[in-house]
């Protein structure tokens with residue numbers, strides 16, 4: 001488990017980067033933009049908490065990403081506790097032979113009261129090694 | 001500014017399309033700094049070339065973020081319960097992105113609370129989708145709908 005402070009200045013910076021109006025993302029009632037919590041895994045997650053995938057990163061893509069907010073996007077100014085795990089892994093045949101491997105990394109965000117505030121699911125896709133292709 | 005959309009929302013309703021871009025290296029770098037994604041594929045020409053790409057390309061979550069901005073400008077932030085993106089195609093420098101969205105489903109439960117499903121797309125100027133997404137909103141029974 002690691003902690004992520006939802007810093008008002010950072011929420012504002014992220015809003016500007018995705019062209020969201022800062023009026024609702026800075027100030028006393030500021031809430032995060034829907035994808036802001038991507039910063040947790042990128043900027044706060046310690047190495048020992050990172051999900052371990054045995055994927056070849058030279059042929060791995062970001063396939064999909066989702067955020068669930070049981071009570072809406074969280075407010076800025078609080079610190080959330082985060083746990084990371086590999087939720088599932090599966091594979092299926094690729095269109096050109098070889099196989100596609102999928103891994104879903106799930107992060108649960110809880111507030112100071114222990115309530116679940118958000119769930120992030122990030123899916124990585126390792127493209128298939130096509131048989132006969134030099135790797 | 002209202003954070004929960006008011007007024008009637010029906011299947012088939014859509015918001016006016018909105019453009020983002022042209023995508024610049026500066027926009028990518030700005031998002032990289034804001035998000036913490038410093039993967040050199042997105043800002044380092046030499047690194048991208050060695051990895052086999054013709055040029056640096058945008059971060060998928062940047063387009064995903066633009067599409068989120070599009071839907072929250074339309075339907076607000078507080079009512080959002082889920083936002084799910086699929087990354088379909090890479091976005092390159094100079095691309096102009098067009099975001100569109102349509103209400104796909106509206107369900108009302110016994111208490112009158114509405115659950116609204118929105119289908120979203122962020123297309124490149126070629127017409128190909130860069131990102132598609134769905135957003136789920138809830139509204140209490142007294143949201144001013146007719």
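The values are calculated or read from the model by the stated rules, or taken from the named source; none is laboratory data. All figures in this text were calculated on a predicted structure; none of them were measured in a lab. Here the Cβ is made from the backbone with ideal geometry for all residues, glycine too, and neighbour counts use every protein chain on show.
Considering segment A:26-40, and only residues there that are more than 12 Å from the chain's Cα centre (by Cα) and surrounded by 14 or more Cβ atoms within 10 Å (Cβ to Cβ), the residue that is farthest from the other protein chains (Cβ to nearest Cβ) turns out to be A:26. Whether a residue is facing chain B (nearest Cβ under 9 Å), part of a strand (DSSP E or B) and more than 28 Å from residue B:73 (Cβ to Cβ) was assessed, and residue A:100 does not pass this test. Scanning segment B:47-63 for residues that are more than 12 Å from chain A (Cβ to nearest Cβ) and under 25 Å from the mean Cα position of the chain (by Cα) yields B:55, B:56. Test residue A:23 against the stated conditions and say whether it is facing another protein chain (nearest Cβ under 7 Å) and either surrounded by 18 or more Cβ atoms within 10 Å (Cβ to Cβ) or touching a residue at least 40 places away in the same chain (Cβ under 8 Å) (or both). Answer is no for this residue.
Just one of the listed residues (B:106, B:118, B:131) is over 23 Å from residue A:21 (Cα atoms), outside any helix (DSSP H, G or I) and touching a strand residue (DSSP E or B) at 6+ places or on another chain (Cβ under 8 Å), and it is B:106. Reported count of residues in segment B:69-88, each being out of contact with any helix residue (DSSP H, G or I) (no Cβ under 8 Å at 6 or more places or on another chain) and touching a residue at least 60 places away in the same chain (Cβ under 8 Å), is 6.
Only one of the listed residues (B:30, B:88) is buried (at least 16 other Cβ atoms within 10 Å of the Cβ) and over 17 Å from residue A:18 (Cβ atoms). That residue is B:88. Only residues that are in contact with a strand residue (DSSP E or B) (Cβ under 6 Å, 6 or more places away or on another chain), crowded, with 19+ Cβ neighbours inside 10 Å and more than 11 Å from chain B (Cβ to nearest Cβ) were counted in segment A:61-91, giving 3.
On inspection, residue B:104 passes the criterion of being surrounded by fewer than 16 Cβ atoms within 10 Å (Cβ to Cβ), under 25 Å from residue B:16 (Cα atoms) and either within 11 Å of chain A (Cβ to nearest Cβ) or over 15 Å from the mean Cα position of the chain (by Cα) (or both).
Applying the set (1) at the interface with chain B (Cβ under 10 Å from one of its Cβ atoms); (2) in a helix (DSSP H, G or I) to residue A:9 leaves exactly one unmet item: (1).
Which residue, of B:57, B:53, is modelled with pLDDT under 95 and farther than 24 Å from residue B:11 by Cα?
Numbers: B:57 fails: modelled with pLDDT under 95.
The conditions single out B:53.
Just wondering, is there one or more residues in segment A:41-60 that are closer than 17 Å to residue A:84 by Cβ, at the interface with chain B (Cβ under 7 Å from one of its Cβ atoms) and in a helix (DSSP H, G or I)? Within segment A:41-60, one or more residues are closer than 17 Å to residue A:84 by Cβ, at the interface with chain B (Cβ under 7 Å from one of its Cβ atoms) and in a helix (DSSP H, G or I).
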